[in-house]
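Here's the structure we're looking at; comments come further down.
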Amino acid sequence: MKKMTNLKCATIDGIDAIIVDIESTFTNGLPSFSIVGLGNNAIQESKDRIKSSLLTNDFKFPPKKITINLSPSEVTKKGSHLDCAMALLIALNEQKIDFQDFFVFGELGLDGTLKDTSSIFILILSLAKQGKIKNVLIPKESIDKISKIPNINIFVAQNLTEAIDFFGNKKDEIKERYKVLNRSFEYNFLHIDGEKYFYDTNYKLNFSDVKGQKIAKRAALISTAGNHNILFEGSPGCGKSMITKRMQYIMPPMSLEEILEKAKIDALGGKEPDFKPVRTFINPHHTSTKASILGGTKIGEIALCNNGILFFDELPHFSKDIIEALREPLEDHNILVSRVNTKVKYDTKFLFISAMNPCPCGNLLSTTKECRCNELEVQRYKNRLSDPFLDRIDLIIKMGEVSKDDKTDIDSVTMHNLVLKTFEFQKHRGQTELNGKLNEEDIIKYCKLSHDSQDILDKAIDRFSLSFRAINKILKVSRTIADLESSQDINKEHILEALSYRKR
């Protein structure tokens, strides 16, 4: 009996990868081929792909009882990316090979061709972030995505024959022939404390198209610079969605880790990763189910937009269950989703942007149109948003109507440059998170007030009966306003402007 246990692969458990040790035994007896270790249908079907790949490439299939075990056995394995690793154990069963903790990924075609799968990038990225992978052999088709992952040695093969040659030939120069170099990102970047933060200057939608609405644009700038949740309230057509859709392109720059995490989440959501330093923008319809927003059997929208933007247009029309369920991810920046046999924790550090009309007909704030709603209808409409939910919104903006005299006063280039400057200011201060996502300990450390500023805040607490959460929101917003002016201190005018954006 011959046994090999050094060849590794991986499978997805929740949203992260776990290592799968692939073992093989070859015993005398009636020829058979079985795969054990809780593999799904795709893995069971791989027996036929492996047989065909070996036989069509002049390799003999051993006339023995072959058993392949996928360990740990209690975890369900899924995906055809384990094909190549299992085929290698069979093809090289008569050779003594030290696989040196190599990971092997790739689906086999019937002719032995190695194919990419959607899960390979997710698995390798997850293992790299956990520091559990150093050397990996992948299909040539996977180069474009995998080569962007840093700190791993990548080797490629086009087919099973090349993969067998790679492990079967002990000459180092042969292995170097299959090696590929990691690729760098060709985007603008800020270099801060030894780390690069990438950004794109291609503004598909520009703030120069937005005329008037000076206060709303100022609030949008503060929101993006500090990652503060914001609610726009105004009549239909006043520019709420127009401003929101342009905020995506002036968001703070992204670290390499954030870009790769975004690519991983895109792949989990069935989207082809683009590796651009542009943050995700997700805009679910108000008829969406709670499971699609929060997650259930599949990853939810709030996890897919981690480090990006989640936009709820027509906010009061969303289910009250969904709105109230957002309170946890908005506060704790993560959500725990219970599934049949497991619990999955998702990060939810997104910028939450929402928009709503002032009343069901939308004309309550209009100076030219008559509101058709009675007082009860307006109150019922507004009551769909509870005070605990609104307490989690940093900026609440009431927008006026469009006027023929409105003019363009700022563009996306100017706004983005201010965001970049503010981002540098926050990072040089030693922050790991943007102002909007600071915890209580960091608020005490970075949001110190002068005597005058503290006096104004104390008066606002008494007058408006502010909660502890609301006080922290004001401190964080005022910190961002001060950062936009490159001010080390939070001054009186910064506190006053932050207070002007609170619900009254």
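The values are calculated or read from the model by the stated rules, or taken from the named source; none is laboratory data. This structure is a prediction, so every number in the text was calculated from the model and none was measured. In this analysis, Cβ positions are derived from the backbone assuming ideal geometry, glycine residues included, and neighbour counts consider all displayed protein chains.
What number of residues within region 393-432 satisfy the criterion of being in a loop (DSSP other than H, G, I, E, B), among the β-branched types (Val, Ile, Thr) and closer than 21 Å to residue 364 by Cβ? Outline the logic, then answer.
Residues of region 393-432 that are in a loop (DSSP other than H, G, I, E, B), as a first pass: 393-394, 400-411, 429-432.
Checking the rest, the ones that are also among the β-branched types (Val, Ile, Thr) come to 393, 402, 408, 410, 432.
Restricting the remaining residues to those that are closer than 21 Å to residue 364 by Cβ gives 393, 402.
Result for region 393-432: 2.
Test residue 339 against the stated conditions and say whether it is under 28 Å from residue 321 (Cα atoms) and among the basic types (Lys, Arg). Even if it seems obvious, please write down each step before you answer.
Numbers: under 28 Å from residue 321 (Cα atoms): yes; among the basic types (Lys, Arg): yes.
Considered against the rule, which asks whether it is under 28 Å from residue 321 (Cα atoms) and among the basic types (Lys, Arg), residue 339 comes out as yes.
Sort through 343, 382 and tell me the only one that's at pLDDT below 95, of a type outside the set (A, V, I, L, M, F, W, C) and farther than 29 Å from residue 475 by Cα.
On the way: 382 fails: farther than 29 Å from residue 475 by Cα.
None of the other options fit; the residue is 343.
Find all pairs meeting these conditions: Cβ atoms under 8 angstrom apart; at least six residues apart or on different chains; first residue within region 421-449 and among the hydrophobic types (A, V, I, L, M, F, W, C); second residue surrounded by 18 or more Cβ atoms within 10 Å (Cβ to Cβ) and in a strand (DSSP E or B).
423/197; 447/490; 449/490
Let's see how each residue does on (1) in contact with a Leu (Cβ under 9 Å, 6 or more places away or on another chain); (2) farther than 22 Å from residue 390 by Cβ:
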{"site": "441", "(1), (2)": "no, yes"}
{"site": "446", "(1), (2)": "yes, yes"}
{"site": "461", "(1), (2)": "no, no"}
{"site": "467", "(1), (2)": "no, no"}
{"site": "470", "(1), (2)": "no, no"}
{"site": "483", "(1), (2)": "no, yes"}
{"site": "496", "(1), (2)": "no, no"}
{"site": "500", "(1), (2)": "no, no"}
{"site": "503", "(1), (2)": "yes, no"}
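Please return the ranges of strands (runs of 3 or more DSSP E) entirely within region 1-59 where 3 or more residues are closer than 30 Å to residue 261 by Cα and touching a residue at least 40 places away in the same chain (Cβ under 8 Å).
The qualifying strands (runs of 3 or more DSSP E) are 2-13, 16-27.
Could you list, in sequence order, the residues of region 461-504 that are hydroxyl-bearing (Ser, Thr, Tyr) and either in a helix (DSSP H, G or I) or closer than 25 Å to residue 327 by Cα (or both)?
Listed by number, the residues that qualify are 465, 467, 478, 480, 500, 501.
Regarding residue 70, is this residue surrounded by 18 or more Cβ atoms within 10 Å (Cβ to Cβ) and in the same structural domain as residue 168 (by TED's automatic domain parsing)?
Answer is yes for this residue.
Of the residues 92, 114, which is more than 24 Å from residue 266 (Cβ to Cβ) and in contact with a Gly (Cβ under 8 Å, 6 or more places away or on another chain)?
The conditions single out 92.
Residues of region 159-179 being surrounded by 15 or more Cβ atoms within 10 Å (Cβ to Cβ) and not in a helix (DSSP H, G or I), which ones?
First pass over region 159-179, keeping only residues surrounded by 15 or more Cβ atoms within 10 Å (Cβ to Cβ): 159-167, 175, 178.
Across region 159-179, the qualifying residues are 159, 178.
Inside region 127-167, can you point out the residues that are closer than 18 Å to residue 98 by Cα and polar (S, T, N, Q)?
Answer for region 127-167, where residues must be closer than 18 Å to residue 98 by Cα and polar (S, T, N, Q): 135, 153.
Would you call residue 13 at pLDDT 95 or above and either outside the structural domain of residue 119 (by TED's automatic domain parsing) or charged (D, E, K, R) (or both)?
Numbers: at pLDDT 95 or above: no; either outside the structural domain of residue 119 (by TED's automatic domain parsing) or charged (D, E, K, R) (or both): yes.
When the stated conditions are applied, residue 13 does not pass them.
Looking at 254, 247, which one is free of Cβ contacts under 8 Å to residues at least 60 places away in the same chain and buried (at least 24 other Cβ atoms within 10 Å of the Cβ)?
254 is the lone residue from the list that is free of Cβ contacts under 8 Å to residues at least 60 places away in the same chain and buried (at least 24 other Cβ atoms within 10 Å of the Cβ).
Do the conditions hold for residue 56, that is, is it under 18 Å from residue 23 (Cα atoms) and either surrounded by fewer than 16 Cβ atoms within 10 Å (Cβ to Cβ) or among the polar types (S, T, N, Q) (or both)?
No.
Among the numbered conditions (1) within 23 Å of residue 330 (Cα to Cα); (2) within 27 Å of the chain's Cα centre (by Cα); (3) modelled with pLDDT under 95, tell me where residue 444 comes up short.
Here residue 444 clears every test but (2).
Looking at (1) within 33 Å of the chain's Cα centre (by Cα); (2) closer than 24 Å to residue 207 by Cβ, which one does residue 336 not meet, given that it meets all the others?
(2)
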